[in-house]
Amino acid sequence: QVQLVESGGGLVQAGGSLRLSCAASTMIFSINAMGWYRQAPGKQRELVAAITRGGTTTYADSVKGRFTISRDNAKNTVYLQMNSLRPEDTAVYYCIADRGIRYWGQGTQVTVSS
């Protein structure tokens, strides 16, 4: 069982930045991949960014060049640095961990005002 706790969401103006954190209850070097999904009202949940145990990263086209995912194995934490935020980035952001099965965090709200 892996428990994930997200933090760092909030309200920001367009063009601003936020950094989301996802603290895991286990050593993340043992987790195959971690990442972030988001779900906006009335829309399907979508993958935003992911990072493998080896450090390979994947990004949704809509966030490339603006968001950066990273991991700190010593702190068992994954981060999502979000820059140049846009109103369309408004969503609940969920942390995920894949270790045989997929675990989800409870989500953190990000609201970008225009």
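Scanning the range 80-92 for residues being over 20 Å from GLN44 (Cα atoms) and surrounded by fewer than 17 Cβ atoms within 10 Å (Cβ to Cβ) gives a total of 3. Restricting attention to the range 93-106, which residues are surrounded by fewer than 18 Cβ atoms within 10 Å (Cβ to Cβ) and not aromatic (Phe, Trp, Tyr)? Within the range 93-106, ASP98, ARG99, GLY100, ILE101, ARG102, GLN106 qualify. Restricting the range 12-38 to residues that are in contact (Cβ under 8 Å) with a residue 60 or more places away in the chain and open to solvent by 50 Å² or more (accessible area, probe 1.4 Å), the residue that is nearest to ILE101 (Cα to Cα) is ASN32.
Of all residues in the range 63-79, none satisfies being open to solvent by 20 Å² or more (accessible area, probe 1.4 Å), touching a Phe, Trp or Tyr at 6+ places or on another chain (Cβ under 6 Å), under 13 Å from TYR93 (Cα atoms) and in contact (Cβ under 8 Å) with a residue 40 or more places away in the chain. If only residues of the range 21-33 that are part of a loop (DSSP other than H, G, I, E, B) and not β-branched (Val, Ile, Thr) are counted, the one that is modelled with the lowest pLDDT is MET27.
Scan the range 43-61 and give yes if some residue there is polar (S, T, N, Q) and within 18 Å of VAL112 (Cβ to Cβ), otherwise no.
Kept after step one, since they are polar (S, T, N, Q), are these residues of the range 43-61: 44, 52, 56-58.
Those left that are additionally within 18 Å of VAL112 (Cβ to Cβ): none.
So far as the range 43-61 goes, no, none of its residues is polar (S, T, N, Q) and within 18 Å of VAL112 (Cβ to Cβ).
For the range 34-105, the strands (runs of 3 or more DSSP E) that sit wholly inside it and include 2 or more residues that are over 14 Å from LEU20 (Cα atoms) are 46-52, 57-59, 91-99, 101-104.
The values are calculated or read from the model by the stated rules, or taken from the named source; none is laboratory data. Just so we're clear, the structure is a prediction, and the values are computed from it rather than from any experiment. Every residue, glycine as well, gets a Cβ built from its backbone with ideal geometry; the counts of neighbours run over all protein chains shown. Just so you know, the surface numbers come from the protein's heavy atoms only, side chains and all, with ligands and any DNA or RNA stripped out. Shrake-Rupley method; radii C 1.70, N 1.55, O 1.52, S 1.80 Å.
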